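The values are calculated or read from the model by the stated rules, or taken from the named source; none is laboratory data. Remember, predicted model here, so these are calculated numbers, not experimental data. In this analysis, Cβ positions are derived from the backbone assuming ideal geometry, glycine residues included, and neighbour counts consider all displayed protein chains. Heads up: the accessible areas ignore ligands, DNA and RNA and are worked out on the full protein's heavy atoms, side chains in. Shrake-Rupley method; radii C 1.70, N 1.55, O 1.52, S 1.80 Å.
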Amino acid sequence: MRVVGIDPGLRNLGWGVIDVAGSRLTHVANGICHSESGDLADRLLSLHTQLTEVIRRFQPEAAAVEHTFVNKDAVATLKLGQARGIALLVPAQAGLVVGEYAPNAVKKTVVGVGHAAKVQVDHMVRLHLPGVQIAGPDAADALAVAICHAHHVQSSGRLQAALKRAAG
């Protein structure tokens, strides 16, 4: 299964693609979609166009997006929410089911601690994906989201298999 993880951001939207075969994770690609300052609509369109190209190029079978957190700046939170809308819309337009994960859930899955620092997330992503060249912190976060999704899909698959065995 190929998974794209997305870390929403209006200026920097991180993305990371991994292949999942059982418990084996393999890095495919990662990067950052950038939008320059200017009209919000133009920035959102730019993110949409760039992320659509990522999905077209790497053909993932599943997607995962990190939840945004509300901060004290309501305007910034609203803009981030709109960028997150793009992060949800593009994979949905490609027919992908999109998993959504809270930042603490991603950190707990990848690092083992829900309040891990960015440097810890980056380090653990590098351990999960040996030899990976990470495009930046937003791409590292996106790869962590993809890894989190892979673990959750595997866990739910094992649960479904166990329930099926118990019922049969």
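With open to solvent by 30 Å² or more (accessible area, probe 1.4 Å) and modelled with pLDDT under 95 as the only criterion, which of L78, L127, L89 stands out?
L78
Quick one: which residue in A21, A63 is within 21 Å of H152 (Cα to Cα), hydrophobic (A, V, I, L, M, F, W, C) and either in contact with a Lys or Arg (Cβ under 6 Å, 6 or more places away or on another chain) or surrounded by 14 or more Cβ atoms within 10 Å (Cβ to Cβ) (or both)?
Details: A21 fails: either in contact with a Lys or Arg (Cβ under 6 Å, 6 or more places away or on another chain) or surrounded by 14 or more Cβ atoms within 10 Å (Cβ to Cβ) (or both).
On inspection, the qualifying residue turns out to be A63.
Under 6 Å between Cβ atoms, which residue pairs at least 6 apart in sequence (or on different chains) link something in the stretch 128-146 that is part of a helix (DSSP H, G or I) with a partner that is aromatic (F, W, Y)?
A142/W15
Out of the residues in the stretch 32-48 meeting the condition of being surrounded by 14 or more Cβ atoms within 10 Å (Cβ to Cβ) and among the polar types (S, T, N, Q), tell me which one is nearest to I86 (Cα to Cα).
S46
Give me the residue from the stretch 92-123 that is among the β-branched types (V, I, T) and without any contact (Cβ under 8 Å) to a residue 12 or more places away in the chain and, out of that set, least open to solvent (accessible area, probe 1.4 Å).
Kept after step one, since they are among the β-branched types (V, I, T), are these residues of the stretch 92-123: 97-98, 106, 109-111, 113, 119, 121.
Still in the list and also without any contact (Cβ under 8 Å) to a residue 12 or more places away in the chain: 113, 119.
Numbers: V113: 77, V119: 109 Å².
Out of the qualifying residues, it is V113.
Give the residues of the stretch 14-36 that are touching a residue at least 12 places away in the same chain (Cβ under 8 Å) and over 27 Å from L127 (Cβ atoms), sorted by residue number.
H34, S35 - these are the residues of the stretch 14-36 that are touching a residue at least 12 places away in the same chain (Cβ under 8 Å) and over 27 Å from L127 (Cβ atoms).
Out of the residues in the stretch 66-75 that are modelled with pLDDT under 90 and closer than 17 Å to A102 by Cβ, state the one that is surrounded by the most Cβ atoms within 10 Å (Cβ to Cβ).
If we filter the stretch 66-75 for residues that are modelled with pLDDT under 90, which is where we start, we get 68-75.
After this cut, where a residue has to be closer than 17 Å to A102 by Cβ as well, the list is 68-71.
Working: T68: 17, F69: 10, V70: 12, N71: 9.
Applying the filter and picking the extreme gives T68.
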